[in-house]
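The values are calculated or read from the model by the stated rules, or taken from the named source; none is laboratory data. As the structure is a computational prediction, the values presented were derived from the model and not from experiment. Every residue, glycine as well, gets a Cβ built from its backbone with ideal geometry; the counts of neighbours run over all protein chains shown. Remember, those area values only see protein heavy atoms, side chains included, never the ligands or the DNA or RNA. Shrake-Rupley method; radii C 1.70, N 1.55, O 1.52, S 1.80 Å.
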Amino acid sequence: MVSKKVLVIGGGAAGMMAAGIAAQYGANVTLIEKNQRVGRKVLITGKGRCNVCNNCDVQTFIQNVPVNGKFLYSAINNFTPQDTIDFFENLGLQLKTERGNRVFPVSDRAMDVVDTMHDFVLDNGSDLINDTAKSLILENGGIIGVECVNNTYYADSVIICCGGKSYPLTGSTGDGYMLAKQAGHTITELKPSLVPLESHNPDCKAMQGLALKNVSLKINDNSGKTVYSDFGEMLFTHFGISGPMVLSASSHIRDMSGKKYTAVIDLKPALTIEQLDKRLQNDFAENANKDVSNSFSKLLPRKIIIPVLKRWGIAFDRKCNSITKEERHTLIEILKGFSIELSGFRPIDEAIITSGGVKVSEINPKTMESKLIKGLYFAGEVIDCDAYTGGFNLQIAWSTGRLAGENASYI
């Protein structure tokens, strides 16, 4: 039997999975990657540890994909998070589950994930070529190949796995969108997602470098509705705010142009208003004859004391024993609701993922094949699907890559 020829464009998570699976199913596979080595973006995920997936059920996974999650039902049921865990462990990579059901390699090395996938691609017989795709070769409503910078490659099926536009230094420069457009596909608006947020509030720059742990964060719109809330870590920067909670929050903010959003931080979420009031009374009593500006060293990080005092409006040299009950309650409101007005997203090249991409209504969700061009498939971030942090976006890559690889290899 003659093997089907499959070209995979892009050697990221989705591309490596698609290539390895298509070869496993008997196809003659060529994986074309523009970088000198595969998996450049995978190497920087999870702060270099690689959050492989989230150890959750299918329904939980879908709930964590706010953009076109239902489109992924077939892909995720075909290759679930548990299947992902079994896949890597069967290849010899030991995994562990941490807080939030985030799955990491036991080694805490993203390189081990990339090496495992690299070996999976080659061990199943795929050819790995360093080249850059320029255009699709289309004929009679179907695809017959890809023209690259160094060569032209012909195939029965082509799987586009070029990623998005975020982190362009890893090779994600939007090539997949250009190829999809050539085939007549619609590209929905491209926006940064899982990205730091900007603020014009000067407090952010004053607190640059301050990392807050064990705080609560809410994002409210201008109607007062809370669109996101979480507990964990965040960071103040020269441009605004960042950190794990903020990146997650960014994917809940769909448009900054029409609405105003405010980040509201509870600096002492473990304390009720009554408990915090008692704590302040004790601190002020202990520092009775000191200036209030010198009484917060045990309560707050140094960099946030001045911004809090300025918002409080109390003279820095007021003595602690002169603070009234009403002034104390005003301070509590500030500590339990430290607000930062948001002004925008950081640029897309600083985002972890790209929101937007190839329109899902133009892709068969059961096969990942284009509804417009026979033999053309899509997988990974190039598709208009994006999820929250926690391993969900890599799961999209594994699941769509596998489904595309399986179907592209069928005779």
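At-a-glance table
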quantity	calculated
Scaled radius of gyration (Cα, divided by 2.2 N^0.38 Å) that the stretch 237-339 gives	1.25
Carbon and sulfur %, accessible surface of the stretch 98-152 computed with the full protein complex present, 1.4 Å	41
Cα-projected label distance for Ala285 with Asn78, points at 7 Å along beta-carbon direction, nm	6.7
Dipole magnitude of the chain about its Cα centre (Cβ charges: Lys, Arg +1; Asp, Glu -1), debye to nearest 20	1160
Inter-probe distance in nm under a simple model that places probes 7 Å from Cα toward Cβ, at Lys359 and Gln208	4.4
C-alpha long axis of helix 392-408 to longest principal axis of the chain, angle in °	10
Alpha-carbon centroid distance for the pair the stretch 265-315 / the stretch 2-59, whole angstrom	51
Sequence-separation-based contact order of the chain, relative, with Cα cut under 8 Å and 6+ spacing, percent	26
Net length gained if the chain between Lys181 and Arg311 were fully extended (0.36 nm per residue, minus Cα distance)	41.7 nm
Extreme residue, positive dipole direction of the chain, given options Ser297, Leu72, Val146 (C-beta unit charges)	Ser297
Ordering of 130-137, 75-82 by packing [mean C-beta count within 10 Å, highest first]	75-82, 130-137
Inter-probe distance in nm under a simple model that places probes 7 Å from Cα toward Cβ, at Ile137 and Gln59	4.9
Long-range HN-HN contacts of Leu212 with modeled amide H, under 5 Å	Met234, Leu235, Phe236
Computed lengthening from Lys303 to Asp349, 0.36 nm per intervening residue step minus Cα-Cα distance	13.7 nm
Computed lengthening from Ser339 to Met256, 0.36 nm per intervening residue step minus Cα-Cα distance	28.2 nm
Part-to-part distance (alpha-carbon centres) for the stretch 340-390 and the stretch 69-97, which is given in Å	19
Whole-Å semi-axes of the ellipsoid equivalent to the chain (Cα gyration tensor, √5λ, descending)	50, 20, 17
